[in-house]
Amino acid sequence: MSERAESRAKDDVAAYRAVELIYHSYLTGLILMLASRAGTARAAEVVFRTFRRQQLARFVPGLKKLGLDKLPHAVACAQYHYLSNQVGGVKVEYVYESDQKAWVRYPPPRWIWSGTAICGIPSEVSRAMLRGWHANNGVVLGNPRLGFVCTGQTVDGQPGLEGYYKEWDHDLTPDERLQFSPGEQCPPFRTDLAPRLPENTWPEERLQKVLRNYAMEYITSIVPETIAVLGPEEGGHLAGAAARLVGMHTFDDVASLLGGVDPGAEGFAGAFARIARGQGDDAELRVQGATATVRQTSWRLMAERGPLSPVVFDAWNELWVGAALAHDRFMRVDVAERRDRGDPSWCWQFR
């Protein structure tokens with residue numbers, strides 16, 4: 001991304017918020033689509049793989065960034081979830097009990113299941129998140145005695161997803177790394193005893209970027225994992241169908257966040273380019289006659305994934321097809337160039 005593009009995006013807080021809304025909605029919508037169309041077991045597998053991938057990529061570096069890597073493991077894990085999710089805009093609580101036991105709790109409303117979406121999430125899908133991330137922290141830290149005990153799930157009607165990290169006095173088997181104990185309850189949360197981020201390390205501008213990145217990283221993981229689990233035909237179809245629906249249903253809110261979208265192809269292309277720059281891409285808009293063209297050489301969302309099936313792009317692109325349909329159902333959207341197919345850039349034409 002060019003310095004000029006980064007500078008434009010840096011100042012566009014509204015575009016950051018629009019990007020966060022789009023991808024947050026896509027995450028929830030795709031999981032609902034999988035649970036209702038592909039079945040609970042396969043939806044849970046996608047969610048497990050999504051969270052395991054993020055745990056392997058983000059957990060240990062995150063501990064160091066947050067200055068938690070020298071703490072006792074149970075405490076470090078619970079504080080990591082508290083601080084990292086809080087930065088991402090997630091409602092979360094932390095309670096220290098001992099160096100060997102520390103709680104983390106996500107009260108309602110759950111960020112990931114925004115609004116009424118929680119009514120469509122099976123218990124197994126919620127458990128898959130814990131299997132993917134929380135149950136693997138001890139493995140990654142090289143501590144076979146560390147596990148996670150879940151004491152409640154919001155999707156089961158309990159007042160929050162909660163549980164504690166505990167370091168036992170013996171090594172845990174793989175099946176013991178995630179346990180369930182619904183009879184226990186998290187102690188009261190006290191903000192004055194909770195860890196805090198240094199203000200000089202996390203200024204407001206950085207926090208705005210983190211909110212954007214937090215939502216984007218879920219899509220970086222879940223779309224390729226959906227296609228890996230279900231295959232390119234079914235996985236691509238469901239990921240694309242969810243994207244189109246989300247694009248259509250979030251467009252009015254996105255337009256409002258952006259301060260309005262002008263009519264016609266040029267108006268939509270301008271908003272599209274602004275959102276692309278808000279994602280960190282080097283999008284450029286050109287208008288010639290009745291055709292508006294947006295070109296970019298980067299695709300920050302999937303930059304770290306390496307070679308991907310072209311179906312990943314096809315599915316993701318349905319977000320913008322859906323948004324275009326909501327803006328003007330007679331407008332035509334074409335992808336004229338694709339870097340994943342050897343072209344020098346990605347290029348959209350709106351007419």
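The values are calculated or read from the model by the stated rules, or taken from the named source; none is laboratory data. All of these numbers come straight from a predicted model, not from anything done at the bench. When we count neighbours, we look across all protein chains shown, and the Cβ atoms used for this are built from the backbone with ideal geometry, even at glycine.
Observations
- V104 being more than 26 Å from H24 (Cβ to Cβ), hydrophobic (A, V, I, L, M, F, W, C) and either touching a Gly at 6+ places or on another chain (Cβ under 7 Å) or part of a strand (DSSP E or B) (or both): no
- Of all the listed residues (A74, A78, A35, A57), the sole one being buried (at least 23 other Cβ atoms within 10 Å of the Cβ), among the small types (G, A, S) and either closer than 19 Å to R305 by Cβ or within 20 Å of the chain's Cα centre (by Cα) (or both) is A78.
- Identity of the residue in segment 60-71, modelled with pLDDT of 95 or more and among the charged types (D, E, K, R), that ends up nearest to the chain's Cα centre (by Cα): K64
- Selected residue (only one of A292, A276, A271, A283 is surrounded by 22 or more Cβ atoms within 10 Å (Cβ to Cβ) and farther than 19 Å from L21 by Cβ): A292
- Residues being buried (at least 18 other Cβ atoms within 10 Å of the Cβ), over 18 Å from the mean Cα position of the chain (by Cα) and not hydrophobic (A, V, I, L, M, F, W, C) are represented in segment 296-304 by at least one member.
- Within the option set G259, G267, being of a type outside the set (S, T, N, Q) and in a loop (DSSP other than H, G, I, E, B) holds for one residue only, G259.
- Any hit, segment 213-221, residues being crowded, with 20+ Cβ neighbours inside 10 Å and of a type in the set (V, I, T): yes
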